[in-house]
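Asks: One structure, pasted below without further comment.
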Amino acid sequence: MQNIKAYLNQHKERFINELIQLLKMPSVSADSAYSQDVLDTAEAFATSLKNAGCDVVEICETQGYPIVYGEKIIDKNLPTVLVYGHYDVQPPDPLDLWDSPPFEPVIKKTELHPDGAIYARGASDDKGQVYMHVKALEFMVANNELPCNVKFMIEGEEEVGSESLGAFVKENHEKLANDIILISDTGMIANDVPSITTGLRGLSYVEVEVTGPNRDLHSGLYGGAVANPINILAKMIASLHDENNHITIPGFYDKVDELSRKERSAMEKAPFNLEAYKAALDIDDVFGESSYTTNERNSIRPTLDVNGIWGGYTGEGAKTVIASKAHAKISMRLVPHQDWHEITQLFKTHFENIAPPGVKVKVIPHHGGESYVTPIDSIGYQAASKAYETTFGKAPVPKRNGGSIPIVPLFERELGSKSILMGFGLDSNAIHSPNEHFGVWNFLKGIETIPYFYKYYTELLSLGS
Ligand code: BES
Ligand code: MN
Ligand code: MN
């Protein structure tokens, strides 16, 4: 496939400009104020698939945002790769922390990105990474390099729990039938340390509400005599970890898959620089569960984090008040064998149990999903590994990641196929944060690498059968 480099050189300006047009569309799925923009973005991705060479492109309606489906079937007897990604993005706030507006993409050169990085919400998560696949398809179709069938499924609700996609997958087994699922919605260790994600954590997301008196009270007249929901909530949350930073919910660790010494020492081999990690985040030390390393804490261990907490007076100046209610949003990241429904129930029971007299507690479950691990001896992984070796000049490191893509284990259950997680982003891309960006080099490297996956996967599969 000598010509991929030449094709990229010839077309890269256009590829980047096309991506910039997509990044200008504020497809924020969490906020209904953007609903028309989300729908417009689905249309734009559908058009891009058509232009890249899909024979069939559909915008499939759902209860929520539509799913963009595309396919190019060249021969029913050849394998089929299903590409999954999402066109929705996280809300851009806090806006004042962006150096340039989130939906007005700019390219800036930085030390880590001497070829420039595109700054915009969704640049890395996930529009930029989905678009690598669209452009890889364009290249393969235009140059007669597509060795197998391909289907695309791009959803618009990943950032809010993929509810409609779950139903869509259950109802469309035949339409979505495939041999392997290919996803770029994760990252790699560094541009000179390619890695393939071999695991994702599960998730249980809940909201809690603590109610004290039936109205806000004067904190002088009532303070000291009535439970303050905010004080209580803070104390309840603090009690969810012990002095070793273990989670205190009874039964929480019962099913956790404990890795063997051997597996842990294999993990230890992945390149990691603690000093650089701390420096990049401006922290003087790391923090977490005792007797685990940083890389273990953020991948093979379950966690519990408050994502937001509110209540009472937060405006300018001071107001002496005991609020009637306090709230928090809490996420738990889960590891293999933990069942998210069960963990949600354990949390609910425990949180209700630890509430002192004088307050009422409500636990509202949101979304969740199971964790995922993929073996490295599969044909899919081997093909991906060879693809990286070809374009990066070295074999990728397998690495379990701490993030979640709950739809991935559902794909396995419903469609019976494994997902290969070829992410080209970096942890420093600031996904979900202000100043999200995606390296131009990473974008182009992704487009260069993906066609080799198709080639090696088809070759290895035909050797095997
Ligand atoms: N692409 C991310 C997940 C991710 C990023 C995994 C980097 C591994 C490395 C995805 O869009 C995401 O943000 N997922 C959510 C879960 C979802 C249910 C909202 C997450 O992990 O918080
Ligand atoms: Mn994503
Ligand atoms: Mn995301």
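Asks: Report the extension gain between Ala280 and Thr320 in nm, rounded to one decimal, defined as 0.36 nm multiplied by the number of residues separating them, less their alpha carbon distance.
Replies: That pair, Ala280 and Thr320, stretches by 10.5 nm at full extension.
Asks: Determine, at each q value in 0.12 (inverse angstroms), the log₁₀ of I(q)/I(0) that the Debye formula gives when each Cα of the chain is one equal point scatterer.
Replies: Debye curve over Cα of the chain, log10 I(q)/I(0) at q = 0.12 Å⁻¹: -1.10.
Asks: Skipping prolines and chain starts, which residues have an amide H placed within reach, meaning under 5 Å, of the one on Met188, given they are 5 or more residues away or on another chain?
Replies: Result for Met188 returns Gly425, Leu426, Asp427.
Asks: How would Asp75, Asp99, Asp125, Asp55 rank on accessible area, largest to smallest, probe 1.4 Å? Don't jump to the answer; show the numbers that get you there.
Replies: Values: Asp75 60, Asp99 120, Asp125 15, Asp55 90 Å².
I get Asp99, Asp55, Asp75, Asp125, largest accessible area first.
Asks: Calculate one ³J(HN,Hα) per residue across the range 261-266 by plugging θ = phi - 60° into the Karplus curve 6.51 cos²θ - 1.76 cosθ + 1.60, and present them in order as whole Hz with x for glycine and proline.
Replies: Karplus-based 3J(HN,Hα) across the range 261-266 equals 3, 5, 5, 5, 6, 5 Hz.
Asks: Please label the shape of the range 211-285 as rounded, prolate or oblate, based on the square roots a ≥ b ≥ c of the eigenvalues of the alpha-carbon gyration tensor (a/c under 1.5 means rounded; beyond that, a/b larger than b/c means prolate, else oblate).
Replies: On the way: a/c = 5.10, a/b = 2.07, b/c = 2.47.
Because a/c hits 1.5 or more and a/b fails to exceed b/c, the range 211-285 counts as oblate.
Asks: Still on this model: What list of ³J(HN,Hα) values in whole Hz, one per residue of the range 166-181 in order, does the Karplus curve 6.51 cos²θ - 1.76 cosθ + 1.60 (θ = phi - 60°) give from phi, with Gly and Pro shown as x?
Replies: x, 5, 4, 5, 4, 8, 10, 3, 6, 4, 9, 3, 7, 9, 7, 10
Asks: Something else about it: Determine the shape class of the range 100-217: with a ≥ b ≥ c the square roots of the Cα gyration tensor eigenvalues, call it rounded for a/c under 1.5, and otherwise prolate if a/b is greater than b/c, oblate otherwise.
Replies: Working: a/c = 2.30, a/b = 1.33, b/c = 1.73.
It is oblate, given that a/c is not under 1.5 and a/b is not larger than b/c.
Asks: With a probe of 1.4 Å, find how much accessible area the chain has per residue, and write the answer as a whole number in Å². Write down the numbers at each step before the final one.
Replies: Details: 20850 Å² over 465 residues.
Per residue, the chain has 45 Å² of solvent-accessible surface.
Asks: Tell me, what ³J(HN,Hα) does each residue in the range 310-320 have, in order and in whole Hz, if you take phi through Karplus 6.51 cos²θ - 1.76 cosθ + 1.60 with θ = phi - 60° and put x for Gly and Pro?
Replies: 8, x, x, 8, 10, x, 5, x, 10, 9, 8
Asks: How much mean residue ellipticity at 222 nm does the chain get from its helices, if each DSSP H run of length 4 or more adds -39500 (n - 2.57) and you divide by all residues, to the nearest 500 deg cm²/dmol?
Replies: Numbers: 12 runs with 156 residues, N = 465.
Computed mean residue ellipticity for the chain: -10500 deg cm²/dmol.
Asks: Taking the Cα centre of the range 356-445 as origin, sum charge times position over the Cβ atoms of Lys and Arg (+1) and Asp and Glu (-1), and report the length of that vector in debye to the nearest 20. Don't skip to the answer; put the middle values down first.
Replies: Details: 9 positive and 7 negative charges, 34 e Å.
Roughly 160 debye, rounded to the nearest 20.
Asks: May I ask you to compute the full-extension gain from Trp310 to Lys362, defined as 0.36 nm times their residue separation minus their alpha-carbon distance, rounded to one decimal in nm? Provide the component values of the computation, followed by the final result.
Replies: Values: separation 52, 0.36 × 52 = 18.72 nm, distance 1.48 nm.
Using 0.36 nm per residue and subtracting the Cα-Cα distance, I get 17.2 nm.
Asks: Now a separate question. To the nearest 10 square angstrom, what accessible area does Asp115 show with a 1.4 Å probe?
Replies: Taking all protein chains as shown, Asp115 has close to 90 Å².
Asks: Taking the full set of protein chains and a 1.4 angstrom probe, give the accessible area of Thr47 in square angstrom, rounded to the nearest 10.
Replies: 70 Å²
Asks: Can you tell which of Phe139, Leu274, His432 lies farthest toward the positive end of the dipole of the chain, using +1 and -1 charges on the Cβ of basic and acidic side chains (Lys, Arg; Asp, Glu)?
Replies: Sorting the options by dipole projection puts first Leu274.
Asks: Could I ask something else about it? Once you keep just the Cα pairs under 8 angstrom separated by 6 or more residues, what percentage relative contact order results for the chain? Before the final figure, lay out each step's value.
Replies: On the way: 930 pairs, mean separation 116.5, N = 465.
Across the chain, relative contact order equals 25 percent.
Asks: Once each part is reduced to its C-alpha centroid, what is the distance from the range 414-434 to the range 103-143 in angstrom?
Replies: 14 Å
Asks: Amide H of Ser29: which non-local residues (sequence gap of 5 or more, or other chain) have their own amide H closer than 5 Å, using H built in the peptide plane?
Replies: Counting only residues 5 or more places away or on other chains, the set is Val89.
Asks: Mind putting a number on the dipole of the chain about its Cα centre? Charges go on the C-beta only, +1 for Lys and Arg and -1 for Asp and Glu, and I need it in Debye to the nearest 20.
Replies: On the way: 41 positive and 62 negative charges, 108 e Å.
With Lys and Arg at +1 and Asp and Glu at -1, about 520 debye.
Asks: Continuing with the same structure: For the range 213-322, which GluC sites (Glu not before Pro) are in a loop by DSSP, counting at most 12 other Cβ atoms within 10 Å?
Replies: Values: sites: Glu243, Glu258, Glu263, Glu268, Glu275, Glu289, Glu296, Glu316; in loops: Glu243, Glu258, Glu289, Glu316.
Those that pass, being in a loop and sparsely packed, are Glu243, Glu258, Glu316.
Asks: Just grab the label-to-label distance for Ala33 and Phe272, each label 7 Å out from Cα along the Cβ direction, in nm (one decimal).
Replies: Modelled inter-label distance: 4.0 nm.
Asks: When only the heavy atoms of the protein chains count and the probe is 1.4 Å, how do Leu112, Leu146 rank by accessible area, highest first?
Replies: On the way: Leu112 105, Leu146 25 Å².
Output order, biggest surface exposure first: Leu112, Leu146.
Asks: Is there a pair in Lys170/Lys418; Lys269/Lys329; Lys50/Lys455 whose C-alpha atoms are over 26 Å apart, and which pairs would that be?
Replies: Details: Lys170/Lys418 16 Å; Lys269/Lys329 35 Å; Lys50/Lys455 22 Å.
Beyond 26 Å: Lys269/Lys329.
Asks: Looking at Thr211, Gly223, Asn191, which one has the Cα that reaches farthest to the positive end of the dipole of the range 132-263 (charges on Cβ: Lys, Arg +1; Asp, Glu -1)?
Replies: Most positive-ward Cα: Gly223.
Asks: In the chain, if the dipole is taken from +1 on Lys/Arg beta carbons and -1 on Asp/Glu beta carbons about the Cα centre, which of Pro114, Leu334, Ile309 is farthest to the positive end?
Replies: Among Pro114, Leu334, Ile309, the one farthest towards the positive end of the dipole of the chain is Leu334.
Asks: For Met1 and Glu412, FRET efficiency with R0 = 25 Å and r from the beta-carbon atoms, rounded to 0.05?
Replies: 0.25
Asks: By how many degrees, between 0 and 90 and to the nearest 10, does the Cα long axis of helix 127-142 differ from the longest principal axis of the chain?
Replies: 10 degrees
Asks: Rounded to the nearest 5, what is the percent of antiparallel bridges among the DSSP beta bridges in the chain?
Replies: Percent antiparallel among DSSP bridges in the chain is about 70.
Asks: Still on this structure: Within the range 63-134, what is the number of lysine pairs with alpha carbons under 30 Å apart, leaving out pairs fewer than eight places apart on the same chain?
Replies: Numbers: Lys72/Lys127; Lys76/Lys127; Lys108/Lys127; Lys109/Lys127.
For the range 63-134, qualifying lysine pairs total 4.
Asks: Using the Cα centre of the range 192-284 as the reference point, and only Cβ charges (+1 on K/R, -1 on D/E), how large is the resulting charge dipole? Debye, rounded to the nearest 20.
Replies: Dipole magnitude for the range 192-284 comes out near 180 debye.
Asks: In whole Å, how far is the Cα centre of the range 182-218 from that of the range 338-406?
Replies: Comparing the Cα centres of the range 182-218 and the range 338-406, I get a distance of 9 Å.
Asks: Continuing with the same structure: Which value, in Å² and to the nearest 10, is the accessible area of Asp285 when all protein chains are kept and the probe is 1.4 Å?
Replies: 90 Å²
Asks: Applying 1/(1 + (r/R0)^6) with R0 = 35 Å to the Cβ-Cβ distance of Thr349 and Arg261, what FRET efficiency is obtained, to the nearest 0.05? Show your work: numbers first, answer last.
Replies: Working: r = 34 Å, r/R0 = 0.97.
My answer for the efficiency is 0.55.
Asks: Does the range 105-162 classify as rounded, prolate or oblate by the C-alpha gyration tensor (a ≥ b ≥ c root eigenvalues; a/c under 1.5 gives rounded; else a/b over b/c gives prolate, otherwise oblate)? Before the final figure, lay out the partial values.
Replies: Numbers: a/c = 3.54, a/b = 1.29, b/c = 2.74.
Oblate.
The values are calculated or read from the model by the stated rules, or taken from the named source; none is laboratory data. As the structure is a prediction and not an experimental result, all values here were calculated from the model. A quick note on method: Cβ atoms are made from the backbone with ideal geometry, for glycine too, and the neighbour counts reach across all protein chains shown. What goes into the accessible areas is simple: the full protein's heavy atoms, side chains included, and nothing from ligands, DNA or RNA. Shrake-Rupley method; radii C 1.70, N 1.55, O 1.52, S 1.80 Å.
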